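Structure record follows, encoded as structure tokens.
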Amino acid sequence: MAIYYNSSPTPQFHIQGKDFSYILHVLPNGQLGHLYYGRKIRHQKNFSHLMRQVPRATLSCVTEGDLAFSLETTQQEFPSYGTTDYREPAFQVVHETGHRISELIYVSHDLFKGKSKLDGLPATYVEDETEATTLKITLRDEQSGLETILSYSVFEQTNALSRQVKYCNTGQGRLELTRALSMSVDLDDADYELLQLSGAWARERHLEQHHLRPGIQSISSTRGTSSSQHNPFLALKRPGTTEHSGEVFGFSLIYSGNFLGQIEVDHFNTTRVQLGIHPFDFKWILDATEQFETPEVILVYSNQGINEMSETYHRLYRTRLARGVWRDRERPTLINNWEATYFDFDEDKIVTIAQTAQKLGVELFVLDDGWFGQREDDTTSLGDWYINEKKLPNGMPHLVNRIRQTGLSFGLWFEPEMVSKKSRLFQEHPDWIIEVPGYHHSHGRHQYVLDFSREEVVDHLFEQMTTILGSADISYVKWDMNRYMTEIGSATLPYERQQEVAHRYILGVYALYERLIEAFPAILFESCASGGARFDPGMLYYAPQAWASDDTDAVERLKIQYGTSIVYPLSSIGAHVSAVPNHQVHRHTSLATRANVAFFGTFGYELDITRLSFEEQEEIKQQIHFFKKHRKLLHTGIFKRLVSPFDGDGNETAWSVISGNKEEALIAHYQVLARPNPRLKRLKLSGLDPEKNYRVNGNVYSGDELMYIGLSLPEPYTGADLQQKSQQGDFSSILYHLVAVRIEQNYLEKTSFTKVVN
Ligand code: DGJ
């Protein structure tokens, strides 16, 4: 892993990761060009021959007398508007005179070990300087004094490359940034399929793919959060690339607000990929000496399929984006009262649930919405973060003590960014909401968005939350956010800064998280936004786990969790067993299948367990025992997707987790509908050691057989010999635990099919 520098004929930089090369250079006009991103190549003294210059009479050209040098045909690294390139630029600056031309010319660069921090923004980090190498390139527009510093960090032994930009006004006048993306790169051709994670409430992060076509295609959010409609991630894969073979390029934005991910395929078949804060309704004023940092993008390269790309993201986001004491700690099995009680609870009900849960092995009780103000339904009290005396007359410390006495730890729900009009907070500060004075206030779930771009609002929330969190032994916070923004405006910003509100809002959210984490470092934060509407890498920096979806149905969860796993590690995916019929889709699935899906996330329960039969409670006890035994493997092992619910008729899904040393694995197979006289099936595993032998259900198989021939699934979930009900009929599932066994050499050669005792 290295970053090479060639000084002539113009400066060239060759960033080498484990398997990739990324090469950029200074163009003849001083701007920054791109030469190559793809499979690793050896370093050479000069790469300038890679630049394509093709004289064409129809081109707009840079230099008089030269018909070949046009930015239109040149792969660029940080394209600007208005010269000879007609594609969309990486940035746009309106200068004091009103013109929009910037000539960003290479000034200098800096190469060092380690990685810089970002001010007020979430970002990946290193614990030791040797973990990454960073290149910073400074470009400057002499006329205006606009400087941009492009940062590239390559993480050692990985295929992850970080990109980010700092815009600085080093001149005298005012600059208006109207587009400030985090990255742009021009790839050589357009033979790619775009892979994106799109959806809606209750069906978040479904996998969508299509071949690139000429013109612009994009994913975005203008809703104030990253949204459930599109995740701030896209990947380009070569046709034919599968989970386990082929080339794929991932782009993931570490940000939680409005974003744009855009692909532009031009008439020369070049593909421009861009990612960053959405330029729509965005403008940032940079007065003299001011700077603007963009969020970070993580590019991941894989030439061994989509799963390998995911593994790189999982490792990086789990170990070098997530922080704090909970990063590496085993996560508690929790019970959340939302789907058990909704708003209808009192102290005794809560304590009874906790007592029952404790007997079954649950470790954390989470009190969800409804514990504060006058909250009896969703029309009131957001913003009034003091105890609801009607429901909990003895106060928070008393309740927490009673829960703690059952042996469980205690967690609490907040929705800090919101206010109800029926609240004390709104009565006292009606101007604290995001609004445009004089215009109608649209609502979402009867609530309004607090203006987190204002420091005093963030201060107030910090005080309110600190008072509650400091009043009792609270070890977990679920931070919810249940509506998108409308009528975006802030009472305190001047008119020319109103388009800064959406980004300033997110900075305010990050600031509050940071202050709370600092004040309560032992608290485990779980982020949430109407389920998974803000499930993004930005949030993972503050909250190592996130509620993936309000849809808790096991069958729906297969798609949601499969899609989520494309970028996010299992240790971040909140997944609960809930009641049947399911509250979102009214489906009946077995308790075993519900758990078999939820195990592959941060596991918990969200139902009234006091109402379950003795047999069901006993089954839950077994499930919790199983999860505790395997949670380390589940959260730190290597996740392999095996059968996609997005393929074919979607009737089957399979995935697995393998320990780093390949000694152990958990394999899960799910079938939506039972089929008569079905096809015979073998499940080809992945990621095992071909040289090792594994015990599965009492039999021993070689790793190579399990991967290349496959594991025979039981007679398709209808056979009478199946031990578990979960393996019969519709919505069936089966879990295998594989353990490597040491057996006499040549044992498999000598033995036809042998049952191993133990
Ligand atoms: C939306 C969340 O996704 C749910 O889990 C629950 O916390 C509700 N909000 C409470 O209002």
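The values are calculated or read from the model by the stated rules, or taken from the named source; none is laboratory data. These numbers were taken from a predicted model, which means no experiment stands behind them. For neighbour counting, all protein chains shown are included, and Cβ atoms are generated from backbone atoms with ideal geometry for every residue, glycine included. Accessible surface areas use protein heavy atoms only, side chains included; no ligands, DNA or RNA. Shrake-Rupley method; radii C 1.70, N 1.55, O 1.52, S 1.80 Å.
Before moving on, here are some points about what is shown:
- Extended-chain gain in nm, criterion 0.36 nm per residue less alpha-carbon gap, Arg238 and Ala288: 13.5 nm
- Length-normalised contact order of the chain in % [C-alpha pairs under 8 Å, at least 6 apart]: 9
- For Ala740, residues with placed amide H under 5 Å, excluding near neighbours: Glu664, Arg695
- Volume of the convex hull of the stretch 256-395 (Cα atoms only), normalised per residue: 273 Å³.
- Only DSSP H runs of four or more residues enter the estimate; each adds -39500 (n - 2.57), and after division by the residues of the chain the mean residue ellipticity at 222 nm equals -5500 deg cm²/dmol.
- Label-to-label distance for Glu618 and Asp378 is 3.9 nm, based on points extended 7 Å past Cα in the beta-carbon direction.
- The largest accessible area among Trp338, Trp655 belongs to the first residue in Trp338, Trp655, and the rest follow in falling order (1.4 Å probe, all chains).
- Rounded, prolate or oblate (a/c below 1.5 giving rounded, otherwise prolate when a/b exceeds b/c) for the chain by Cα gyration tensor: oblate
- Distance from the stretch 303-323 to the stretch 198-264 (C-alpha centre basis), Å: 16
- Alpha carbon centroid spacing (whole Å) that separates the stretch 627-647 from the stretch 24-69: 44
- Counting 0.36 nm for each residue step from Thr466 to Val741 and taking away their Cα separation leaves a gain of 93.9 nm.
- For the chain, with all protein chains in place and a probe radius of 1.4 Å, 48% of the accessible heavy-atom surface sits on carbon or sulfur.
- Whole-number D in µm²/s for the stretch 340-457 (Stokes-Einstein; Kirkwood sum over Cα pairs; 20 °C, 1.002 mPa s): 137
- Cut-off 15 Å between beta-carbons: net charge of the residues surrounding Arg56, Lys and Arg +1, Asp and Glu -1: -3
- Order by protection proxy (mean Cβ within 10 Å, highest first), peptides 66-72, 365-371: 365-371, 66-72
- Rough spin-label spacing in nm, given labels placed 7 Å along Cα→Cβ, for Glu428 and Asp704: 7.2
- Cross-link pairs Lys559/Lys640; Lys18/Lys136; Lys117/Lys628; Lys237/Lys478; Lys628/Lys681 - those with Cα-Cα distance over 25 Å: Lys117/Lys628; Lys237/Lys478; Lys628/Lys681
- Per residue, the chain exposes 38 Å² of solvent-accessible protein surface, assessed with a 1.4 angstrom probe and all protein chains in place.
- Alpha-carbon Rg/Rh ratio, for the stretch 572-686, with Rh computed the Kirkwood way: 0.98
- Residue-count net charge about Phe155 - beta-carbon cut-off 10 Å; Lys, Arg +1, Asp, Glu -1: +2
- Förster radius 22 Å - calculated FRET efficiency between Tyr386 and Glu455 (Cβ-Cβ, nearest 0.05): 0.50
- Each Lys and Arg adds +1 at its Cβ and each Asp and Glu adds -1 at its Cβ; summed about the Cα centre, the stretch 299-434 shows a dipole of about 580 debye.
- For the set Tyr36, Tyr255, solvent exposure ranked by accessible area (probe 1.4 Å, protein chains only) runs largest to smallest as Tyr36, Tyr255.
- Taking each residue as 0.36 nm, the span from Arg497 to Arg52 lengthens on full extension beyond its C-alpha to C-alpha distance by 156.0 nm.
- Viscosity 1.567 mPa s, temperature 4 °C, Stokes-Einstein D of the stretch 458-518 from Kirkwood C-alpha radius, µm²/s: 95
- Placing a label point 7 Å from the Cα of Gln728 along the Cα-to-Cβ direction, the residues of the stretch 555-591 with a backbone N closer than 18 Å are 588-591.
- Computed from the C-beta positions of Phe280 and Leu59 and an R0 of 30 Å, the FRET efficiency is 0.50 to the nearest 0.05.
- Positive minus negative residues near Ala546 (Lys, Arg vs Asp, Glu; Cβ under 9 Å): -1
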